[in-house]
Every structure is written in C-alpha cells, then in structure tokens.
1. So, TRP125, is that one at pLDDT 95 or above, of a type outside the set (S, T, N, Q), in a strand (DSSP E or B) and in contact with a strand residue (DSSP E or B) (Cβ under 6 Å, 6 or more places away or on another chain) or not?
2. Could you list, in sequence order, the residues of the range 410-433 that are farther than 25 Å from GLY292 by Cβ and either charged (D, E, K, R) or in contact with a His (Cβ under 6 Å, 6 or more places away or on another chain) (or both)?
3. List the number of the failed condition for VAL418; all other conditions in (1) within 29 Å of ARG374 (Cβ to Cβ); (2) touching a residue at least 24 places away in the same chain (Cβ under 8 Å); (3) of a type outside the set (Lys, Arg) hold.
4. Given the structure, is ILE295 among the aliphatic types (A, V, I, L, M), touching a Leu at 6+ places or on another chain (Cβ under 7 Å) and open to solvent by less than 30 Å² (accessible area, probe 1.4 Å)?
5. Do the conditions hold for LYS345, that is, is it among the charged types (D, E, K, R), in a loop (DSSP other than H, G, I, E, B), open to solvent by 10 Å² or more (accessible area, probe 1.4 Å) and farther than 19 Å from TYR407 by Cα?
6. Taking CYS163 and the conditions (1) open to solvent by 10 Å² or more (accessible area, probe 1.4 Å); (2) more than 23 Å from GLN202 (Cβ to Cβ), which numbered condition does it fall short on, given that it satisfies the others?
7. Inside the range 370-405, can you point out the residues that are charged (D, E, K, R), within 16 Å of the chain's Cα centre (by Cα) and over 22 Å from GLU431 (Cβ atoms)?
Amino acid sequence: MNKSTRIAAILLLLAIFIASKSHAQSTPSLFDGKTLNGWKRLAGTADYKVEDGVIVGTTVLNSGNTFLVTEKEYGDFILEMDTKIESTLSNSGVQTRSHYDPAGNNGKGKVYGRQFEIDPSDRKWSGGIYDEGRRDWLYPLDLNAKAKDAFKVGLYNHIRMECIGNEMKTWINGIPVADVVDTVDSKGFIGLQVHAVTKLEQAGKKVYFKNLVIQTKNLKPKSFPKDIYTVNSVSNTLSAHEKASGWKLLYDGHSSNGWRGATLSGFPQKGWLYADGTMHVLPSEGKEESGGGDIVTDSLYGAFDLSFEFKITPGANSGVKYFVTLSEVTKGSAIGLEYQVLDDKLHPDAKLGRNGDRTLASLYDLIPANKQERFTRPIGAWNTGRIIVYPNNHVEHYLNGVKVLEYERGSKEFRDLVAISKYVIWKNFGEAKEGHLLLQDHGNEAFFRSIKVRRL
C-alpha cells in the first residue's frame, strides 16, 4: 500500500468515526439500561422498575393513570423503542410533548398531551393518537383500518414516532399508522404510561419498554403512503402530505369560489356568509330552502373521499349531500344521498324515520349511524364528518374519525331500503355515476370549514 493510499484509508476511517460519533450524539438513548436516572413518576401509584435492561411497568388496583416521564423536555424529534404488553386486559401508551398539572384530578395530578396509543383490546387502535387528559381521540384507527393488526400482543413491537413541526406520524413494526397536524404543544416531556385499572383481574399486569432511542438533530422524515388520511387541525389548510396525496380544498376560508346556489347560476345573495374561515348558514324559518337555499359544488364527483368540519346551534338541522344531480323535481332541498347533520336531542327529526336513520351522521332516511356518545362532540363544538365513496360503490360514513356506517350503493339491500323510504318516488335514486356535493340550508344556523376532497 503506497503512502497516498494509506492516507486515503486513514481519512476514510476518520470520516466514518466522526460520522458515527455525530450520529450517536444526535440519537442518544433515553434509558441507560440500568437505572431510571432522568425519569420521574407522575400522577398514579403504579410501579416502574428496571429488569434485565427493560423498563417494566406494573398495574396497581385503583390507581389513576401513572406515567414515568423524562425530566427533560423535547420539541422536534424522532423516537423509536421496543414495547410489549402481556395482556389484552391492559392498556398503555407513550406521551409526546406532554405536560403535568399538579392540581388536576382533584389534586392527584394530571398528565396531558398527545399519546401514541398501545391498545391490545379487540378494538386494535394501537398506533393511533390520543390526547391524554384533554381532547380525547385525535386519530382513532378506524381512519387506517389496514394498520389495526400491526401490533402483536405478548411480543415486542418496534414503534416509531415522528414529531416534526406541527406534524406527528406513527409506525408499528415498520407499518405506517397515523398522521396528525396539530398546533397545540411545540415541546414537552416524553412519558411511558401504565393505565389505571379498577378490576382485580387487571392488577399486576405488565408493560415493557426497551431500546429507547431519540434523535433531535438532522431529522429526516420517513415517507408516508398517500392513501393514509391526515387529521389536520389547522382550519382550511392542506399539509404537504395531503397535497401530495391529491387532496383539494373546496373552501378557502374567505370566498365562495367553487360553489353556487343549487337553483342559481351564482352564489346566493342572502342566507350565507363565507368569510372569517367558515361557510355559515344563517338562521331563517327552520325549513328547507327558507333562507339562501342549498349550495352545491361547481364540479361533479363520482368516487371520492370528502372530509369536512361542522358546528351547529341547539336544535339545528342541516346536512351534506352527495350524488346531487339537480334533475329531480322537488319543492324543498335538492335530492341526494345525505350525511345528516342534526341536534339529536332537540330536533324532532331524530325521532322520525326508522330506527334512528335520521340522526346525526346517518344516511338520511335509509341507514342509522352506529355511534357512541363519547365520539360525538357537544352542540356548539366542531365535529368532523367524512364520506368515502369507493370506485366499486362501497360507501362509508365517519364521525370524528370513527366509522359509523357502510353500504353498497346500488345493491339489492340499498334498493330495498330506498323502496321503503321517502326517496322511492325518484327512479334510480342515489345511483348516478356522479353528482354535485351539497351543503344544506334547512333554515337553522350551521357552520362548515376545512371542506376538502380527494378523487379516488
């Protein structure tokens, strides 16, 4: 080996050493494998200890949620670890950018912030994103059902969290799971959860964490599949991932571009406001078409994924319709398949129809929404609706990330339901190849925002 070759080899080895040292410094372990130095327990009384290089949390009867949290706070980071939960009776999670309120829970203390969920129950929502102690579920795994089987109970699972800027993404065993854009919390501690238990058979169950590695510099996000839905809490905007996935805003937050009255050539001159970030139906007589009338998109849609946020006032009635052809003769609202928007407790329509098929998120007068009270936000708060129409005519309705109904458009079962509904008088109701999307004026005050669509 000549002198120049030896020098080149030495320089190469030196570069490799510097690079590896730099990488090690930027991806430090959160856990030394021997002690809980740098961590502290908050809130509940569950036990944490180190066994054979693993942090082991054990449930304690009648304790609140207990967290082992870092003493240091973190902003942008990529966090990876291996975790195992031994029982389907347990529950756990990993807190990100979280905080502590010592006065919370009646002085027992409360941890709050976004959590990577570890859910071994039959629901299988592991990898979903939950807002512990604050807003409840942000990303239920109904939004990405293909990832529900990624987590394996009783085995170590490799999990990954990216918190970069306003976006949090999750993976389990290399499978992409959830994507949330959220401006709340730019930094905070990281925490490991042992969930509260109230039954004797739940006590003494263990959850394991090891190989905790965090990167805070030179962050390079992993690619994320375009078909995975993004929960975006920034109103009337699209994230880079949404844009790359083909999503388009149907409302820009300040104009009526892309919309017109269902019976007009332009946008209604009264009854609607579209400034200040909301498409706003003004109250009138509480009847269909009693104010400015329905509005429809200029464009037609066949197979699509539609997402929208809505807020209504007490006792209000509205709706979002799809496959609206405007060819049916009607004195009231334009005809189409309808995602019902309703105050179920105060509006009389909730008690009409069959089996609750006129309640919130139902396919109006055809199929009731199967929803839990927990996932229905109160009147006056923003809720998120979603309608997916696949190219094969399979249709799904979602409310706040949870799937509440599904059906096959044009199937025998669908036609049988139409035959006993108010829609029986219209031939081939709901089976058009494409149609307008519609926001309904039912004479009650309602608000819409973050209306976006992706053609499938």
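The values are calculated or read from the model by the stated rules, or taken from the named source; none is laboratory data. Everything numeric here is computed off the predicted structure, so don't read it as measured data. Ideal geometry is used to build each Cβ from the backbone, glycine not excepted, and the neighbour counts take in all protein chains shown. In case anyone asks, the SASA skips ligands and DNA or RNA and just uses the protein heavy atoms, side chains included. Shrake-Rupley method; radii C 1.70, N 1.55, O 1.52, S 1.80 Å.
1. Answer is no for this residue.
2. Hits for the range 410-433 are LYS412, GLU413, ARG415, ASP416, LYS427, GLU431, LYS433.
3. So the condition that VAL418 fails would be (1).
4. Values: among the aliphatic types (A, V, I, L, M): yes; touching a Leu at 6+ places or on another chain (Cβ under 7 Å): yes; open to solvent by less than 30 Å² (accessible area, probe 1.4 Å): yes.
Taking the combined requirement at face value, the residue satisfies it.
5. Details: among the charged types (D, E, K, R): yes; in a loop (DSSP other than H, G, I, E, B): yes; open to solvent by 10 Å² or more (accessible area, probe 1.4 Å): yes; farther than 19 Å from TYR407 by Cα: yes.
Taking the combined requirement at face value, the residue satisfies it.
6. All conditions pass for CYS163, except number (1).
7. As a first pass, look at the range 370-405 and keep what is charged (D, E, K, R): 371, 373-374, 377, 386, 396, 403.
Within this subset, residues satisfying the condition of being within 16 Å of the chain's Cα centre (by Cα) are 371, 374, 377, 386, 396, 403.
Within the range 370-405, LYS371, ARG374, ARG377, LYS403 qualify.
To keep it simple, each residue is scored yes or no on (1) under 27 Å from SER186 (Cβ atoms); (2) open to solvent by less than 10 Å² (accessible area, probe 1.4 Å).
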position: ASP76; (1), (2): yes, no
position: GLU80; (1), (2): yes, no
position: LYS84; (1), (2): no, no
position: THR96; (1), (2): yes, yes
position: GLY113; (1), (2): yes, yes
position: ARG123; (1), (2): no, no
position: ASP131; (1), (2): yes, yes
position: GLU167; (1), (2): yes, no
